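Notes follow the structure.
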Amino acid sequence: MSRSALVGNVTAMLEDAGFVVSDRCAIRPKSFDIAARRDEDLILVKILGNIDAFNQATGHEMRRLGTYLRATPMVIGLRSRDEDLKPDVVYFRHGVPVLSPDTAYNLFIEEVPPLIYAAPGGLYVSIDGDLLADERQDRDWSLGQLANELGVSRRTVSKYEDGMNASVEVAMALQELFDAPLTSPVDVLDGADEVHETEATPDDPEADPDDEQVVTVLTKAGYNVHPTLRSPFKAVSRDEEDDDDENVVLTGHSKFTKAAEKRARIMSSIGHVTHTRSVYVVDRATQDSVDGTALVEREELAELNDAAELRKVIRERAEYEEAA
């Protein structure tokens with residue numbers, strides 16, 4: 001299957017699941033292919049035939065964007081090396097959860113979350129430690145007795161009851177012993193980090209020298225500016241005084257060329273899904289906006305004194321285009 005067809009299939013699946021899906025980010029470099037929202041669930045999705053192409057820089061960028069936009073970054077892919085990804089297993093690459101299309105289908109369409117995740121050493125399952133302890137005590141078994149049944153140490157059983165995850169083999173043995181569901185699903189959308197320890201969110205990269213003036217102006221206007229390296233926009237800027245998502249601004253900056261216009265359209269589509277606004281800073285503008293992305297000339301931006309003033313300009317230009 002071509003990558004383009006795979007992107008189309010994943011997009012169609014998410015739409016069938018009730019997600020609003022952005023336009024594809026058909027530009028380079030790009031850290032994610034589509035943004036999608038269903039109610040409060042917002043995801044940023046990278047779609048790959050072979051997940052080995054997902055490098056650390058892209059993973060770090062997606063994790064930063066997940067923090068800035070309050071979204072879950074994820075990869076949907078077919079295989080690693082020459083082996084297909086297993087269904088209903090969550091993999092991880094550079095701290096980002098990775099699903100096969102089948103796993104994504106079961107999660108989003110069938111609403112059956114995966115139970116298994118891959119980590120160094122094999123496949124693992126989250127055990128409900130409190131429930132395990134209750135089941136063991138109901139049978140009046142000691143830690144040692146259960147350890148003998150499982151072929152593990154007493155200390156290991158104690159760790160399971162304290163919340164340590166178990167191999168798939170141990171999880172199956174527990175289910176057979178107690179005839180009860182003792183496993184907890186991997187909550188991909190909220191808390192996958194609980195089963196996969198990662199380092200803190202990577203620090204922001206340095207702003208492109210060409211963008212330093214824009215970053216300085218936005219910062220003085222009261223925004224926290226987070227530069228990006230592999231996104232359709234140059235930065236995600238959040239109003240320091242108002243944490244509402246609609247006061248988050250996707251920011252672009254360049255000469256107003258055909259490529260810039262294309263980026264502005266993609267920013268608008270992403271903003272529609274992420275419930276953020278977008279602005280593109282240009283040297284000279286012949287129009288007020290592009291599909292809802294406000295165009296602001298560099299000199300004009302420098303004259304805006306605070307975040308409220310900038311928000312007003314962005315809102316008025318976007319609304320003017322919608323009304324036109």
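Couple of notes before you dig in:
- Other residues whose C-beta falls under 14 angstrom from the C-beta of Arg81 contribute a net charge of -1, scoring Lys and Arg +1 and Asp and Glu -1.
- The range 196-273, accessible area per residue, ligands and nucleic acids excluded (1.4 Å, Å²): 52 Å²
- Calculated from backbone phi, Karplus (6.51, -1.76, 1.60) coupling profile of the range 61-76 in Hz, x at Gly/Pro: 4, 5, 5, 5, 4, x, 5, 5, 9, 6, 10, 9, x, 7, 10, 10
- With one equal scatterer per alpha carbon and no solvent term, the Debye-computed log10 I(q)/I(0) for the chain at 0.08 1/Å reads -0.46.
- Within straight-line reach of Lys86, meaning a Cα separation under 24 Å, sit the following lysines at least 8 residues removed in sequence or on another chain: Lys46.
- Alpha-carbon centroids, the range 125-160 and the range 1-28: separation in whole Å: 44 Å
- Bridge type composition, the chain - antiparallel percent by DSSP, nearest 5: 60 percent
- Extreme residue, positive dipole direction of the range 22-171, given options Pro97, Cys25, Pro114 (C-beta unit charges): Cys25
- Distance between the 7 Å Cα→Cβ label points at Glu246 and Glu83: 4.9 nm.
- Positive-end residue of Val168, Ala235, Ala221, charge dipole of the range 150-267 with Cβ unit charges: Ala235
- Dividing the Cα radius of gyration of the range 1-107 by 2.2 N^0.38 Å, with N the residue count, gives 0.97.
- Computed as a quarter of the hull surface, the mean projected area of the alpha carbon convex hull for the range 92-235 stands at 12.6 nm².
- Between Val313 and Ser167, residue separation times 0.36 nm minus the direct Cα-Cα distance comes to 47.0 nm.
- Note on Ala5 and Glu303: the model spin-label points, each 7 Å out from Cα along the C-beta direction, lie 5.5 nm apart.
- At q = 0.27 Å⁻¹, base-10 log of I(q)/I(0) for the range 201-263 (Debye sum, equal scatterers on each alpha carbon): -1.24
- In the chain, helical runs assigned H by DSSP with n ≥ 4 each contribute -39500 (n - 2.57); averaged across all residues and rounded to the nearest 500, the mean residue ellipticity at 222 nm is -11500 deg cm²/dmol.
- Extension gain, Ala119 to Gln213, is 29.5 nm, computed as 0.36 nm per intervening residue step minus the present C-alpha separation.
- Put a plus charge on the Cβ of each Lys and Arg, a minus charge on the Cβ of each Asp and Glu, and nothing anywhere else: the dipole of the range 1-143 about its Cα centre is then about 1000 debye.
- Over 22 Å between alpha carbons, listed pairs Lys30/Lys312; Lys220/Lys258; Lys220/Lys312: Lys30/Lys312; Lys220/Lys258
The values are calculated or read from the model by the stated rules, or taken from the named source; none is laboratory data. A quick note: this is a predicted structure, and the numbers were derived from the prediction, not measured. Please note: Cβ atoms are built from the backbone with ideal geometry, for glycine as well, and neighbour counts cover all protein chains shown. Quick note on the areas: whole protein, heavy atoms, side chains included, nothing else; ligands and nucleic acids left out. Shrake-Rupley method; radii C 1.70, N 1.55, O 1.52, S 1.80 Å.
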